1. Counting only residues that are within 24 Å of residue 127 (Cα to Cα), under 21 Å from the mean Cα position of the chain (by Cα) and in a helix (DSSP H, G or I), how many does the range 153-193 have?
2. For residue 2, indicate whether it is closer than 25 Å to residue 145 by Cβ and buried (at least 16 other Cβ atoms within 10 Å of the Cβ).
3. Take the conditions at pLDDT below 95 and closer than 18 Å to residue 3 by Cα and apply them to residue 127. Does it pass?
4. Tell me, yes or no, whether the range 179-187 has at least one residue that is farther than 27 Å from residue 91 by Cβ and in contact with a helix residue (DSSP H, G or I) (Cβ under 7 Å, 6 or more places away or on another chain).
5. Only residues that are surrounded by 15 or more Cβ atoms within 10 Å (Cβ to Cβ) and free of Cβ contacts under 8 Å to residues at least 24 places away in the same chain: list them for the range 23-44, please.
6. Does residue 44 fit the bill of being closer than 21 Å to residue 122 by Cβ, not in a strand (DSSP E or B) and not assigned by TED's automatic domain parsing to the domain that holds residue 138?
7. What is the residue count in the range 74-97 for residues that are over 16 Å from the mean Cα position of the chain (by Cα) and over 22 Å from residue 123 (Cβ atoms)?
8. Which members of the range 50-70 meet the condition of being in a loop (DSSP other than H, G, I, E, B), modelled with pLDDT of 95 or more and over 18 Å from residue 130 (Cβ atoms)?
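The values are calculated or read from the model by the stated rules, or taken from the named source; none is laboratory data. Since the model is a prediction, treat every value here as computed from it, not as a measurement. No Cβ is skipped: glycine too gets one built from the backbone with ideal geometry, and neighbour counts run over all protein chains shown.
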């Protein structure tokens with residue numbers, strides 16, 4: 001099963017990277033598999049350092065911002081207990097991990113990790129169709145380089161209905177943020193074509 005969440009890793013410079021990621025997990029959550037691209041900061045950080053923290057969160061605005069750039073403002077972080085890394089203070093659960101194997105022969109790497117500490121920070125809000133719609137919109141926003149923009153915008157029109165009907169302020173803000181991002185990508189491409 002793939003569980004959508006957020007991974008924090010630390011660069012050799014000490015900078016914290018916050019990235020959405022959907023590792024392959026099982027119910028035990030003792031080991032899981034990350035599959036970042038070799039071009040990602042998550043991959044570079046795990047290749048050089050080999051530790052990080054996976055977070056389960058219902059903060060879809062943070063997930064949306066992390067999907068297409070740096071979250072602003074930077075979310076509250078606390079030091080991890082067993083790895084050199086940081087925990088998102090307002091996440092629901094966190095899993096501190098160490099890399100067990102790293103296979104980077106393909107562009108999409110295969111990184112198996114072992115959980116060495118976990119914590120429950122707060123209750124998960126619960127299921128909400130708007131939150132799921134924002135997660136899908138965030139995933140689509142990360143695919144603007146290889147999916148047709150018209151296809152993404154068509155999907156956004158469908159997802160917008162769910163956000164409008166069932167979303168709260170955070171879901172509406174996150175969806176607007178992602179739609180603006182995709183529209184800016186579309187506008188930039190149109191300008192390049194006209195030039």
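1. Adding up the residues that qualify gives 17.
2. Against the criterion (closer than 25 Å to residue 145 by Cβ and buried (at least 16 other Cβ atoms within 10 Å of the Cβ)), residue 2 does not qualify.
3. Values: at pLDDT below 95: yes; closer than 18 Å to residue 3 by Cα: yes.
For residue 127, the condition - at pLDDT below 95 and closer than 18 Å to residue 3 by Cα - is met.
4. In the first step, residues of the range 179-187 are kept if they are farther than 27 Å from residue 91 by Cβ; the result is 183-187.
If we keep only those that are in contact with a helix residue (DSSP H, G or I) (Cβ under 7 Å, 6 or more places away or on another chain) too, we end up with 185-186.
Checked against the condition, which is being farther than 27 Å from residue 91 by Cβ and in contact with a helix residue (DSSP H, G or I) (Cβ under 7 Å, 6 or more places away or on another chain), the range 179-187 yields at least one hit.
5. Hit for the range 23-44 is 40, nothing else.
6. Details: closer than 21 Å to residue 122 by Cβ: no; not in a strand (DSSP E or B): yes; not assigned by TED's automatic domain parsing to the domain that holds residue 138: yes.
Here the answer is no, as residue 44 does not meet what is asked.
7. Of the residues in the range 74-97, 6 are over 16 Å from the mean Cα position of the chain (by Cα) and over 22 Å from residue 123 (Cβ atoms).
8. Within the range 50-70, the subset in a loop (DSSP other than H, G, I, E, B) is 50, 57-59, 69-70.
Pick out the ones that are also modelled with pLDDT of 95 or more and you get 50, 57-59.
The answer is 50, and nothing else.
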